[in-house]
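The values are calculated or read from the model by the stated rules, or taken from the named source; none is laboratory data. All figures in this text were calculated on a predicted structure; none of them were measured in a lab. Ideal geometry is used to build each Cβ from the backbone, glycine not excepted, and the neighbour counts take in all protein chains shown.
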Amino acid sequence: MFWILVLSYWIHLLATVVWFGSLVLMGLAAWPARQKGAVADNSWLTLQKRLTPWANVGLILLLITGFVQMTNDANYNGFLTIDSVWAWAMLVKHAAFVLLATTTVYLQFGLYPAIDRLALLAEKRPNLAQTEQTKLNQREKQMLGLNLACAALILFCTAVATAV
C-alpha cells in the first residue's frame, strides 16, 4: 500500500502542476495579453484547444488520485462524516472541485463552441456579431475568473487539510 500512496501523491502533484498551470496561463497570462491585442482571437482559441485536453487529464487524475489519498488518510471517518476541520476542508474542497469542473464543461461545450459559431455570424451580420462577441468575451472572463477562484480555494483547503 505504501508504494500505491507514493505513486498516487506523485501523480497528484504532477496533475496539479499541469491543471493549475493551464488555468494560470489562461486566466492570468494569456487573457490580459488578449485584451491588449497582443494575442489574436484565433491564437487564443488555438491556445485554449491545446491546453484543454491537458487540463482535463489533470482534473481526471486529480480526482482518481485524490480519492486514493483521502480514503487512506487517518482523518477520513467515512462518506459525509463531517466531524473535524479536516472533514470540513475536504467538503469545501470537493464542492469547489465540482463547481470548477462544471464551469470547465460549460466553457468547453457551451461557450467555446458559441465563440466558434460567432465567426459564421460575423460574415452575415457583423454588427450583431460584435455585440455577441462582447457578451461572450465578458462571460468567458467571468468563467475563467471563477475557475481561478475555485482553484485557489481548492489549494487553500488542501493546505488546511494538510496542516491538521
Report, by residue number, each residue of region 132-164 that is closer than 13 Å to Tyr112 by Cα and in contact with a Ser or Thr (Cβ under 6 Å, 6 or more places away or on another chain).
-> Met143
Looking at (1) at pLDDT 90 or above; (2) in contact with a helix residue (DSSP H, G or I) (Cβ under 6 Å, 6 or more places away or on another chain); (3) over 17 Å from Ala55 (Cα atoms), which is the one condition that is false for Ala129?
-> (1)
Determine the pairs where a residue that is within 12 Å of Tyr106 (Cα to Cα), located within region 131-142, has a partner that is in a helix (DSSP H, G or I) and at pLDDT 85 or above with Cβ atoms under 9 Å apart, the partner being 6 or more residues away or on another chain.
-> Arg139/Leu111; Arg139/Ala114; Glu140/Leu107; Glu140/Leu111
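Rundown of residues vs (1) within 22 Å of Leu148 (Cβ to Cβ); (2) under 18 Å from the mean Cα position of the chain (by Cα); (3) assigned to a helix (DSSP H, G or I), yes/no style:
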position	(1), (2), (3)
Ala15	yes, yes, yes
Ser43	yes, no, yes
Phe79	no, no, no
Ile82	no, no, no
